[in-house]
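No value in this document is a laboratory result; all are computed from the given coordinates. Predicted model only: the values in this text are computed from it and were never measured. Note that we place each Cβ from the backbone using ideal geometry, even for glycine, and neighbour counts take in every protein chain shown.
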Amino acid sequence: MYKACIDIGGTFTDCVVSDEQGNFEQFKAPSTPKEFSQGVLDVLGVAAKGYGKDKEAFISQLGLIIHGSTVATNAVVTRNISKTALITTTGFRDILEMRRALKIETKSMYEAIIPPYEPIVPRYLRFTLEEETRFDGEVSKPINRAELKLVIEKLKREKVEAVAVCFINSYANPQNEKETAELCQKFLGEDVFVTYSCDILPTMGEYARLSTAVISASIGPIVSKYMGKLERGLQKAGFNGQLLIMQANQFAQSVEAIKRKPVYLIGSGPSAAPAGGAFLGEVLGESNFIGADMGGTTFDASLIKQGEVTLTPGVWLNDERLGVKVVDVQSIGAGGGSIAWIGPLGLLRVGPQSAGADPGPCCFNKGGTEPTVADAAVILGYIPTDGFWYGKMELNVDFARAAVKKVAEPLGMTIEEASQAIMTTVNSSMANGITEITTKKGVDVRDFSMLAFGGATPLCCAFIADLLNIDKVIIPNYAPSFSAWSMFSLDIGRDYLRSYISKIENADTNEINRLFEDMIAETLSEFEVLDISRKDLTLTRSADVRYVGQYHEIEMGLPDGEIIGADIEKLTNEFHRKHNDLYTFSLPWVSVEFRNLRLIAKVKRQKINVKKSGSRYGRCFFSDEENAPVLFFRRIY
């Protein structure tokens, strides 16, 4: 039986297939933005041809497909989302718009006028209920069903496609929230996607919890529709194996789990590569990597430190806040299809707009009209016109020159100089993206090697490394399809969270153990769908801890089994040491407090077998004379 891992990018859909002997083959097909599931079937057709098989016969021999998708991310970024309503506590419906008065700094650098933030849910679709849950979990005011019925009637009139329910203090007791969601689902019907915040993020912090619930609801119908089409398409083609979906927290999960909590699909594709990088580091004997992934639409930077993928408890996706724990990936609009344009100050800008897969860069000869990074690379001779995509696509340099001329003339440059300026600009943008997760967080990039993967990174990695003074660049064998290849190294898993707010000296071990048992019960229920029992699960406990008065927490490990007083004392001492290691100081005389309890449940899958080939050296020979329109890197500086 074959196994296939498929990653959908903005320009190409990548597929890596493993046979029974553990040999790998990689394949590509153009992505299909109008219907991404078709791109999955297309690339499997390309793989079938590569193995000399009929498409249906090949798909029927697939025992496992792991899939990472940009469907959820694209929906949020482009605001192509479902019509969503919010039900919250009276007096709190504008929390979504106020955003704790946060300002996204990257919006203000070059923009003369910054438009006001437009929330995913407009005010007329934000409804309130007179309910109250105290901070200690006591429900002092149950929901008024008559009031809720009036809200549901309004939802029906507005023909909403999704509903998010988020009440204040529901993390302490989700009773009101859960009851409201269940009644909404009952009276609105199964065609309307309904979720509640504590089913996704049962933790203190109303804005992050509310925003996460709203985003999950807004993409729920889109993800469910996509997954349904994908499953039906694969079944029609003869697939009878297991389909797993890549999550942004570097675990794979079932389709049903993703349908229930679609927010975990956001960023799923880029999150696979760091896990593969950590696995590759074990083979290479290296533990510190900067992952650099330049595709057709975006550039994704990630960090692997001491062999561990860096995770973050929350991220911003454009103007939207996600409070779930995900792989820390810095994404910017810089790819082979990124469009070059002249900004309002007369300066050259590259991205974030992209030509994508359709129509693609002008040199693709598919109807593109705007100058892109790929066009500049073709003009400079960085990409051969007859060797692109395994020689299957001939690139048109004349179309590329005509496009780049649009920015060359306003800048007073030749076409070649403008092309070099485009490359310099995009390389600088990618270098800045790397500093966001390294230098700005106290990490010295000179202590790391660059792992260059993605379809376009090997083209630019030397320039980026030069800008950042990185000495070593590693290009893996499956660089063009590395995210897909990395999915072979994933475990099946989920992470769980419960708020527990208490000073260490007042910690109640009985309550801590009860909360962990509650998470374990939820774990067993979700993994039962995959026919996985508790004996097959590896459970890892941890807690978010901080000094009283601090804003950010440090995640600290907890032992397996029942937590006792001695474990709490040990955790306190380890927290002081870790705080000193991270920030060069500790405050042992200051009280320490719990904020959250975490549980990771995973099933270790059989890892891929990677053989390290020895370094090879050889002599290079060039012909006596060679013409190439390439400028030296520093000529126009």
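Quick notes on this one:
- Rg and Dmax, both from the Cα atoms of segment 318-363 and both in Å, are 14.3, 41.
- Tensor-based shape of segment 141-250 (alpha-carbon gyration tensor, a/c under 1.5 rounded, otherwise prolate or oblate): oblate
- Net length gained if the chain between L345 and K49 were fully extended (0.36 nm per residue, minus Cα distance): 101.5 nm
- Computed over Cα pairs, the Kirkwood radius of segment 491-603 leads via Stokes-Einstein (1.306 mPa s, 10 °C) to a diffusion coefficient of 107 µm² per second.
- The count of lysine pairs in segment 148-232 that are at least 8 places apart or cross chains, and whose C-alpha atoms lie under 24 Å apart, stands at 14.
- Rounded to the nearest 500, the 222 nm mean residue ellipticity of the chain from helices alone is -11000 deg cm²/dmol, with -39,500 (n - 2.57) taken per DSSP H run of at least 4 residues.
- Taking the fewest neighbouring Cβ atoms within 10 Å as the starting point, the ordered list for I339, I568, I422 is I568, I339, I422.
- Antiparallel bridge percentage (DSSP; both residues within the chain; nearest 5): 65 percent
- Derived scalar couplings between HN and Hα for segment 442-453 equal x, 9, 8, 4, 5, 8, 10, 9, 9, 9, 9, 9 Hz in order, rounded to whole Hz, by the Karplus curve 6.51 cos²θ - 1.76 cosθ + 1.60 (θ = phi - 60°), x for Gly and Pro.
- Cα-based helix-to-principal-axis angle, 509-527 vs the chain, degrees rounded to 10: 50 degrees
- 0 to 90° range, to nearest 10: angle between helix 268-284 axis and the chain longest Cα axis: 70 degrees
- Fraction of beta bridges assigned by DSSP in segment 78-227 that are antiparallel (%, nearest 5): 15 percent
- Taking the charge dipole of the chain about its Cα centre, with +1 at Lys and Arg Cβ atoms and -1 at Asp and Glu Cβ atoms, the residue from A601, A72, N510 reaching farthest to the positive side is A72.
- Cα pair distances in segment 399-493, grouped into 5 Å bins until the bin that holds the longest one, percent each: 3, 12, 17, 16, 16, 15, 11, 7, 2, 1, 1, 0
- Length gained when the stretch T369-D444 is fully extended (0.36 nm per residue, less Cα-Cα span): 22.9 nm
- Model label sites at E138 and I114, defined 7 Å from Cα along the beta-carbon direction, differ in position by 4.3 nm.
- Ranked list, fewest to most other Cβ atoms within 10 Å of each Cβ, for M1, M519: M1, M519
- Given the choices [x] 35.3, 135; [y] 36.4, 123; [z] 25.7, 87, Rg and Dmax of the Cα atoms in Å derived from the coordinates of this structure is entry [z].
- For segment 197-203, putting each phi into the Karplus relation 6.51 cos²θ - 1.76 cosθ + 1.60 with θ = phi - 60° gives couplings of 4, 6, 7, 10, 9, x, 9 Hz, in residue order, rounded to whole numbers and with x for Gly and Pro.
- In the chain, Cα pairs under 8 Å separated by at least six residues give a relative contact order of 12 percent.
- In terms of other Cβ atoms within 10 Å, S483, S302, S211 run from fewest to most in the order S302, S211, S483.
- Across segment 83-224, Cα-Cα distances exceeding 24 Å account for 29% of all pairs.
- If the convex hull is drawn through the Cα atoms of segment 1-134, its volume per residue in Å³: 216 Å³
- Cα-centred dipole magnitude for the chain, charges only on beta-carbon of K, R (+1) and D, E (-1), debye, nearest 20: 660 debye
- Cα pair distances of segment 251-382 binned at 5 Å [whole percent]: 2, 10, 15, 16, 16, 15, 13, 10, 4, 1
- Nearest-ten-degree value, helix 457-468 long axis tilted from longest Cα axis of the chain: 80 degrees
- Applying 0.36 nm per residue to the separation of D191 and Q21 and subtracting their alpha-carbon distance, the gain on full extension is 56.7 nm.
- The magnitude of the dipole of segment 491-603, with charges of +1 and -1 set on the Cβ of Lys/Arg and Asp/Glu and taken from the Cα centre, is near 320 debye.
- For segment 405-446, a/c is not less than 1.5, where a ≥ b ≥ c are the root eigenvalues of the C-alpha gyration tensor, and a/b tops b/c. That puts it in the prolate class.
- Debye log10 I(q)/I(0) for segment 320-422, one point scatterer per Cα, at q = 0.20 Å⁻¹: -0.93
- Inter-label distance for A566 and E394, nm, one decimal - labels placed 7 Å from Cα along Cα-to-Cβ: 7.7 nm
- Point-charge dipole on Cβ atoms (K/R +1, D/E -1) for segment 338-426, about Cα centre, debye to 20: 160 debye
- If you plug the beta carbon distance of S586 and Q306 into 1/(1 + (r/R0)^6) with R0 = 22 Å, you get a FRET efficiency near 0.60.
- Sites T78 and N513, calculated FRET efficiency, Cβ-Cβ separation with R0 51 Å, nearest 0.05: 0.70
- Charge-dipole axis of the chain as Lys and Arg at +1 and Asp and Glu at -1 on Cβ define it, positive-most pick from N249, Q21, G189: G189
- Modelled spin labels at M98 and R145, positioned 7 Å past Cα toward Cβ, are 3.3 nm from each other.
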